[in-house]
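Novice: Got a structure for you, questions after.
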Amino acid sequence: MSQSQTDQSANRVLIFDTTLRDGEQSPGASMTLEEKLQVAELLDEMGVDVIEAGFPIASNGDFESVQEVARVVKNAIVCGLARAGQKDIDRAGEALRDAKQGRIHTFISTSPVHMKHKLQMEPEDVLDAVISSVTRARNWTDNVEWSPEDATRTEHDYLCACVEAAIKAGATTINIPDTVGYSVPEEYGALIAMLKSCVPNIDKAVISTHCHNDLGLAVANSLAGVASGARQVECTINGIGERAGNAALEEIVMALKVRGDAMPFETGIDSEMIARASKLVSSVTAFPVQYNKAIVGQNAFAHESGIHQDGMLKNTQTYEIMTPESVGISKSSLVMGKHSGRHAFRKKLEELGYDLGQNAVEDAFRRFKDLADKKKHVFDDDIVALVDDEMAAGEGVLKVVALKIVCGTEGPQEATLTLDVSGEEKTVVATGDGPVDATFNAIGELFPHKAHLQLYQVHAVTEGTDAQAEVSVRLEEDGKTVTGRGAETDTLVASARAYVSALNKLIVKRRKSAPEALQAS
Ligand code: KIV
Ligand code: ZN
């Protein structure tokens, strides 16, 4: 077993984050390599023990992401997923070559319904595959995780035989997925307890939970697993993942922290980084966080009723079981105005968790000054939106130079747009069914492309009519999806910036798959 597997105290629960793998499997949640690296670095900094970075055999893009994440992560174990086949495992092993600490996570289905209909394999053959896959993975690393997919619908005797065989072949972590989110807490806890008492070599491995949220029980099931002896929890930021998602990291961590009296376990997570991680994942995937989502929802610390507000004013403990600060939400979020200087701005960026180079700070400062001219109060969230927008815009082929809109009750609406296309400014006037349509049509005329608009989403960064609009645009071309973001007090400028940022990402993707395809299609 690796250092971090053996060094943990009996009550230490390892946090295995699979936002970049299971999370990215949410339809539409795909991230670019740069975005994955941003997320991975933040997860590493916040104390995640294991980062599942992708499924290297799935595509060259996935391979490259796992490889790059393995190179940048400093403390966490970086994990790559593999089915039971040799090619899968070797591809994962290759992707993890440069990791300081790498783990191969290999899996195969063990439930009757999956073995019969999905794998079309006999149980004896699946058992052989368990042994050969773990053995193969051990040739690459001594840190091997094995998962029986659909474990919660697997016959107990057979599950025990597979787990025992996997550990014998060298698996150091045994993960028990509730793949279809079918289990309930008592049952899931009992399953972990059964494995602990019936598998003779179980003490040689860490038991892990991996619960899906189809019945809204993923967190409860995971915690029941911990209470029964699991010491690793697989989860994702904001609970994103296949279908209804996975157990939410922030809920697991805060449940263990706030209710240490009932559940005496600890994690290595710096909980004050939770809000930032939630915002980053929501922003790069364009998956909004539900308003009443536990821990990270916009209303999680809002008190609306008079009685509650009165109680809060007298003593915050009346209605708050944890402070907003403990998850990284600062109450005093009013930043500064147009007279604030560079130094104060740089300090604010640091406080918000940004570590930007000199040029990026200058660009962000210039945008902050522009914003402070337009907007009375600039809040922390404004700064976050502005910097994220600047990072999303990057060094793309396309840049929005100017936009003028004619709109109102008398159509057609009209957009006059100037784009910088590879250093050359081009202007066009286009009409459309509304100002957004006109703007996107103008972009299409200046830079013809075949991508389809899959998502257009606007949200106000703060309150008030002078709030910045944060726009997300998801485009799809030949099965590849990208998400662009833009933030501005003018919703239409933000929309144009978001669309152009998505196109810039698509151009990078095209370049990677066909280096000569640099131009508009
Ligand atoms: O849900 C599941 O079964 C999985 C496995 C690959 C671990 O994600
Ligand atoms: Zn899963």
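Novice: Quick check, is D388 open to solvent by less than 40 Å² (accessible area, probe 1.4 Å) and assigned to a helix (DSSP H, G or I)?
Specialist: yes
Novice: Same structure, new question: Tally the residues that are within 21 Å of L119 (Cα to Cα) and either assigned to a loop (DSSP other than H, G, I, E, B) or not assigned by TED's automatic domain parsing to the domain that holds A84 (or both), restricting the search to the stretch 144-187.
Specialist: Final tally of qualifying residues: 7.
Novice: A follow-up question, please. Name the single residue, out of those in the stretch 411-432 being part of a loop (DSSP other than H, G, I, E, B) and more than 34 Å from the chain's Cα centre (by Cα), that is farthest from N504 (Cα to Cα).
Specialist: Among them, the one singled out is G411.
Novice: Select, from R83, R12, the only residue that is in contact (Cβ under 8 Å) with a residue 60 or more places away in the chain, of a type in the set (K, R) and open to solvent by 30 Å² or more (accessible area, probe 1.4 Å).
Specialist: The match here is R12.
Novice: Those residues that are free of Cβ contacts under 8 Å to residues at least 60 places away in the same chain and open to solvent by 20 Å² or more (accessible area, probe 1.4 Å), I need them from the stretch 447-463; list them, please.
Specialist: Across the stretch 447-463, the qualifying residues are H452, L453, Y456, V458, A460, E463.
Novice: When you check A300 against the structure, is it over 20 Å from S30 (Cβ atoms), touching a Phe, Trp or Tyr at 6+ places or on another chain (Cβ under 7 Å), more than 16 Å from ligand 2 (Cβ to nearest atom) and open to solvent by 10 Å² or more (accessible area, probe 1.4 Å), yes or no?
Specialist: When the stated conditions are applied, A300 does not pass them.
Novice: A follow-up question, please. Of everything in the stretch 259-296, what is modelled with pLDDT of 95 or more, under 11 Å from the mean Cα position of the chain (by Cα) and open to solvent by 60 Å² or more (accessible area, probe 1.4 Å)? Give them in sequence order.
Specialist: none
Novice: Can you report the number of residues in the stretch 199-214 which are within 15 Å of ligand 2 (Cβ to nearest atom) and without any contact (Cβ under 8 Å) to a residue 40 or more places away in the chain?
Specialist: Qualifying residue count for the region: 5.
Novice: Same structure, new question: Test each condition in (1) modelled with pLDDT under 95; (2) within 25 Å of A286 (Cα to Cα) for Q3 and report the one that comes out false.
Specialist: Unmet condition: (2).
Novice: Moving on. Can you name the number of the only condition in (1) part of a loop (DSSP other than H, G, I, E, B); (2) within 16 Å of ligand 2 (Cβ to nearest atom); (3) modelled with pLDDT under 95 that M31 fails?
Specialist: Checking M31 against (1) part of a loop (DSSP other than H, G, I, E, B); (2) within 16 Å of ligand 2 (Cβ to nearest atom); (3) modelled with pLDDT under 95, the one that fails is (2).
Novice: Follow-up. Could you please give the count of residues in the stretch 217-240 that are farther than 22 Å from A40 by Cβ and away from ligand 1 (no atom under 16 Å from the Cβ)?
Specialist: 8
Novice: Would the stretch 173-186 turn up any residue that is farther than 23 Å from D17 by Cβ, away from ligand 1 (no atom under 16 Å from the Cβ) and open to solvent by 10 Å² or more (accessible area, probe 1.4 Å)?
Specialist: Checked against the condition, which is being farther than 23 Å from D17 by Cβ, away from ligand 1 (no atom under 16 Å from the Cβ) and open to solvent by 10 Å² or more (accessible area, probe 1.4 Å), the stretch 173-186 yields at least one hit.
Novice: Let me ask something additional. Go through (1) crowded, with 19+ Cβ neighbours inside 10 Å; (2) without any contact (Cβ under 8 Å) to a residue 12 or more places away in the chain one by one and return the number of the condition H117 breaks.
Specialist: Among (1) crowded, with 19+ Cβ neighbours inside 10 Å; (2) without any contact (Cβ under 8 Å) to a residue 12 or more places away in the chain, H117 violates only (1).
Novice: Restricting the stretch 127-153 to residues that are within 16 Å of ligand 2 (Cβ to nearest atom) and open to solvent by 10 Å² or more (accessible area, probe 1.4 Å), which is nearest to L195 (Cα to Cα)?
Specialist: Going through the qualifying residues, I end up with T152.
Novice: Follow-up question, since we're still on this one. Evaluate the following for A230: is it within 16 Å of ligand 2 (Cβ to nearest atom) and either in a loop (DSSP other than H, G, I, E, B) or of a type in the set (D, E) (or both)?
Specialist: Judged against the criteria, A230 is a match.
Novice: A follow-up question, please. Take the residues in the stretch 34-46 that are in contact (Cβ under 8 Å) with a residue 40 or more places away in the chain and either open to solvent by less than 20 Å² (accessible area, probe 1.4 Å) or assigned to a strand (DSSP E or B) (or both); name whichever of them is farthest from N143 (Cα to Cα).
Specialist: Taking the candidates together, the pick is E35.
Novice: Taking the stated definitions as given, is R243 open to solvent by 10 Å² or more (accessible area, probe 1.4 Å), farther than 12 Å from I295 by Cβ and more than 15 Å from ligand 1 (Cβ to nearest atom)?
Specialist: No; evaluated as a whole, the condition is false for this residue.
Novice: Let me ask something else about it. Confirm whether E320 is more than 21 Å from I15 (Cα to Cα), surrounded by 15 or more Cβ atoms within 10 Å (Cβ to Cβ), away from ligand 2 (no atom under 16 Å from the Cβ) and among the charged types (D, E, K, R).
Specialist: Yes: the conditions hold for E320.
Novice: Examine the stretch 54-63 for a residue that is within 13 Å of the chain's Cα centre (by Cα) and open to solvent by 40 Å² or more (accessible area, probe 1.4 Å), and state whether such a residue exists.
Specialist: No; the residues of the stretch 54-63 include none that is within 13 Å of the chain's Cα centre (by Cα) and open to solvent by 40 Å² or more (accessible area, probe 1.4 Å).
Novice: Looking at L256, L313, L249, can you tell me which residue is crowded, with 19+ Cβ neighbours inside 10 Å and either under 27 Å from S30 (Cβ atoms) or without any contact (Cβ under 8 Å) to a residue 24 or more places away in the chain (or both)?
Specialist: L249
The values are calculated or read from the model by the stated rules, or taken from the named source; none is laboratory data. Note that the structure is predicted; figures quoted are calculated from it, not measured. Positions of Cβ are generated from backbone atoms using ideal geometry, with glycine treated the same way; all protein chains shown enter the neighbour counts. Heavy atoms of the whole protein, side chains included, go into the accessibility calculation; ligands, DNA and RNA do not. Shrake-Rupley method; radii C 1.70, N 1.55, O 1.52, S 1.80 Å.
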